[in-house]
Amino acid sequence: MRKAFITGITGQDGAYLADLLLGKGYEVHGLVRRSSTADVNDHRLRWLGIADRVRLVDGDLTDLSGLIRTVQEVMPDEVYNLAAQSFVRSSWQQPLLTGTVTGLGTANMLEAVRLICPKARFYQASSSEMYGLIQEPEQSETTPFYPRSPYAAAKLYAHWMTVNYRESFGLHASSGILFNHESPLRGIEFVTRKVTDAVARIKLGLKDELRLGNIDAKRDWGHSRDYVRAMWLMLQQDEADDYVVATGRTVTVRDMCRIAFGHVDLDLDKHLVIDPDLFRPAEVDVLLGNPAKAKAKLGWEATVTLDEMIREMVDADLARLRRHN
Ligand code: NDP
Ligand code: GDR
């Protein structure tokens, strides 16, 4: 039985990836941060009905000795490094924490793998945020990076460390440069989920307005379930490499909102309030990925459209709120 070790298993992608790997017969181990509310930090795993089928190990990406011990105990065949301070906006409030977890935390994980299980295959969760100030209309693996937030700068360090460990030590280490991907398990602070939750609340008469920042920003949005499949495929290749994972379509935040409001016959213009406090110190105006390499080499393609995904998210939020109220 192949063994996988996932950091960030309690997050959106970690949960879907664990589900995918269990379905493929893996033994799945995951790193969890100790918390005083331990009964809620596996809520995504419970939502997917897999909480009892994964083995959770206490630890933190910033604690190298703990990571070394954990990796020694698990001896994984595949390591998926998904843990991060992943909210771009918070990274201006917590730049050092973001650098320590998202950047140096990856170096810790690479070190643990190099020292303990150098034959294990390693996946790094790189991000389209690394492109930042856009240099080319469509971003591919060869587009130059220009990070625009402490988060993106930390991810860029982690990305190059992954490349560096591949080239220096021969680790089978791949980076997926993933564009935005969402799902009903998306954190409430990210814009799609904030919108679908608000739409459900407005529909049920629980609130009346939705406050947003820059709705002219454009993103290439896909579904997390599709994107974790790309992660797995990368580690099944003979050679490690870097891949852009995206849908190849881009939409404004405004148009994404229209899909969500339209799905339950609400009028966006009656409920939207633009809040200047929600604008970011520096913005990534537009992202549009070119997934040609992932398609050619991994046989990967996005299968869920933005419309389908937003409707699924609104329906899930409606169901969740009806249950709770
Ligand atoms: P989430 O924010 O949902 O999950 C982040 C995970 O990291 C959580 O499990 C969290 O644990 C864990 N974590 C945070 N800090 C630490 C720490 N110090 N030690 C150990 N674990 C920690 O992110 P997603 O699932 O959306 O994304 C997964 C990865 O992919 C992230 O690295 C993200 O930056 C990256 N990415 C995401 C994209 C997206 O659109 N979703 C696109 C491109 C890259 P806890 O539950 O305790 O908070
Ligand atoms: P992003 O995702 O920063 O792209 O990072 P987010 O959903 O937070 O923002 C997307 C765009 O929407 C604009 N926006 C708002 N965003 C939020 N969160 N809240 C608002 O009220 C709001 N109003 C407008 C933002 O300015 C931005 O332009 C995500 C994360 O998952 C990262 O970890 C990942 O690396 C990248 O996607 C790819």
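None of the figures in this text is laboratory data; all of them are computed from the coordinates on show. Here the structure is a predicted model, which is why all the values come from computation and not from measurement. Every residue, glycine as well, gets a Cβ built from its backbone with ideal geometry; the counts of neighbours run over all protein chains shown.
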(request) Measure out, as a whole number of angstrom, how far apart the alpha-carbon centroids of the range 306-324 and the range 37-107 sit. (result) 27 Å
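Can you give the Rg to Rh ratio for the range 14-62, taking only C-alpha atoms and Rh from Kirkwood?
Values: Rg = 10.8 Å, Rh = 11.2 Å.
A ratio of 0.96.
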(request) Just add up the charged neighbours of GLU283: K/R +1, D/E -1, any other residue whose Cβ is under 12 Å from the Cβ of GLU283. (result) +2
(message) As a test of understanding, state the convex hull volume per residue of the range 50-102 from its alpha carbons, in Å³.
(response) 108 Å³
(request) Send over the Kirkwood Rh of the range 1-150, from the inverse of the averaged 1/r over different Cα pairs, rounded to one decimal Å. (result) 16.3 Å
(message) Suppose only helical runs count, i.e. DSSP H with n ≥ 4. What mean residue ellipticity at 222 nm does that imply for the chain under -39500 (n - 2.57) per run, divided by all residues and rounded to the nearest 500 deg cm²/dmol?
(response) -11500 deg cm²/dmol
(request) Report the dimensions of the range 225-272 along its three principal axes from the alpha-carbon atoms, largest first, rounded to Å. (result) 53, 17, 14
(message) Quick check: convex hull of the Cα atoms in the range 9-97, volume per residue, rounded to a whole Å³?
(response) 112 Å³
(message) Sort 166-174, 127-135 by the packing proxy (mean of other Cβ within 10 Å over each peptide's residues), most packed first.
(response) 127-135, 166-174
(request) Report the convex hull volume per residue for the chain, counting only C-alpha atoms, in Å³. (result) 130 Å³
(request) May I have the count of lysine pairs in the range 170-325 with C-alpha atoms under 24 Å apart, counting pairs 8 or more residues apart or located on different chains? (result) 9
(message) Can you find, among LEU268, ALA217, ALA83, the residue sitting farthest towards the positive end of the charge dipole of the chain, where Lys and Arg contribute +1 and Asp and Glu -1 at Cβ?
(response) ALA83
(request) Return the Cα extents of the range 224-306 along principal axes one, two and three, sorted largest first, each rounded to a whole Å. (result) 53, 33, 17
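So how do 100-106, 231-237 stack up, highest first, on mean other-Cβ count within 10 Å? Could the numbers behind the result be given before it?
On the way: 100-106: 22.1, 231-237: 19.0.
Per-residue mean Cβ counts within 10 Å order the peptides as 100-106, 231-237.
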(request) Quick one: dipole size for the chain, taken about the Cα centre, charges +1 on Lys/Arg Cβ and -1 on Asp/Glu Cβ, in debye to the nearest 20. (result) 560 debye
(request) State the dimensionless ratio Rg/Rh of the range 187-325 (Rg: radius of gyration of Cα atoms; Rh: Kirkwood radius). (result) 1.03
(message) Checking the cross-link filter: which aspartates and glutamates have an alpha carbon closer than 18 Å to that of LYS24, excluding same-chain neighbours under 8 positions apart?
(response) ASP13, ASP52, ASP77, GLU78, ASP226
(request) Would you kindly calculate the mean projected area, averaged across all directions, of the convex hull enclosing the Cα atoms of the range 88-247, in square nanometres? (result) 10.8 nm²
